[in-house]
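Here is the structure we will look at, set down as structure tokens.
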Amino acid sequence: MTDGSVYGRSAFAVRVAREGGRWQVRLLAQDAGDELPVLERALGEPGAGGWPPPFVLVLDSRLYFVALRHGPGGMVRALISDATMLEWVLAAEVVERYGIGVDTEGAFDDDETGWPGGDLDLFADDGLPADELRPIVTADDLWADEMVERIATRLGFAEELAAAVTA
């Protein structure tokens with residue numbers, strides 16, 4: 001029996017890296033309840049993972065996802081698919097720690113769809129710039145796991161991701 005998620009689970013955290021030209025996806029947690037510092041540590045040391053650097057991808061309850069990656073100078077760059085999910089602990093921590101602006105008054109359209117926040121160019125070095133990511137993370141008809149699936153397909157690690165989270 002499935003929970004409706006394209007991956008058979010409604011929450012997970014993975015580390016995604018390109019090693020030797022091949023994508024490597026490692027499951028960090030079966031749920032996304034880990035604390036933000038644990039997820040940041042999973043990125044490894046800045047500069048140690050090659051270029052582009054690895055990233056952590058967290059799906060939390062199918063409602064939103066978070067992606068973290070080291071940027072210049074070792075700072076952590078963050079993307080959240082819906083920055084209005086402040087009632088969820090991880091979402092609130094990401095928005096607060098990375099200073100992601102949230103306009104909750106104007107955040108919803110008629111379909112109650114929230115807004116992505118943070119660094120929409122997070123995947124640009126992998127070939128998915130902000131102008132191509134934006135339609136995915138703002139699609140009214142996609143759950144967060146479906147957004148993650150489209151990103152993984154676009155970047156070329158969909159099979160590795162499915163294998164890691166369904167194992």
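The values are calculated or read from the model by the stated rules, or taken from the named source; none is laboratory data. Keep in mind the model is a prediction, meaning the values are calculated, not measured. No Cβ is skipped: glycine too gets one built from the backbone with ideal geometry, and neighbour counts run over all protein chains shown.
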Inset, instruction - Would you be able to say whether some residue in region 40-53 is touching a helix residue (DSSP H, G or I) at 6+ places or on another chain (Cβ under 8 Å), hydrophobic (A, V, I, L, M, F, W, C) and crowded, with 20+ Cβ neighbours inside 10 Å? - result: no
Inset, instruction - Taking Glu160 as meeting all but one of (1) in contact (Cβ under 8 Å) with a residue 60 or more places away in the chain; (2) within 23 Å of Glu93 (Cα to Cα); (3) of a type outside the set (Ser, Thr, Tyr), write down the number of the exception. - result: (2)
Inset, instruction - Consider only pairs whose beta carbons are under 6 Å apart and that are at least six residues apart or on different chains; among these, list those whose first residue lies in region 1-19 and is within 9 Å of Arg62 (Cβ to Cβ) and among the small types (Gly, Ala, Ser) and whose second residue is modelled with pLDDT of 65 or more and part of a loop (DSSP other than H, G, I, E, B). - result: Ser5/Arg62; Ser10/Ser61; Ser10/Arg62; Ala11/Ser61
Legend entry - When residues of region 47-81 are limited to those that are of a type outside the set (Phe, Trp, Tyr) and in contact with a Ser or Thr (Cβ under 6 Å, 6 or more places away or on another chain), the one modelled with the lowest pLDDT: Ser61
Legend entry - All positions within region 34-81 that are within 14 Å of Asp121 (Cβ to Cβ), touching a residue at least 40 places away in the same chain (Cβ under 8 Å) and not in a loop (DSSP other than H, G, I, E, B): Phe55, Ala67, Arg69, Arg77, Ala78, Leu79
Inset, instruction - Counting only residues that are among the polar types (S, T, N, Q) and at pLDDT 90 or above, give me the helices (runs of 4 or more DSSP H) lying completely in region 82-167 with at least 1 of them. - result: 144-155
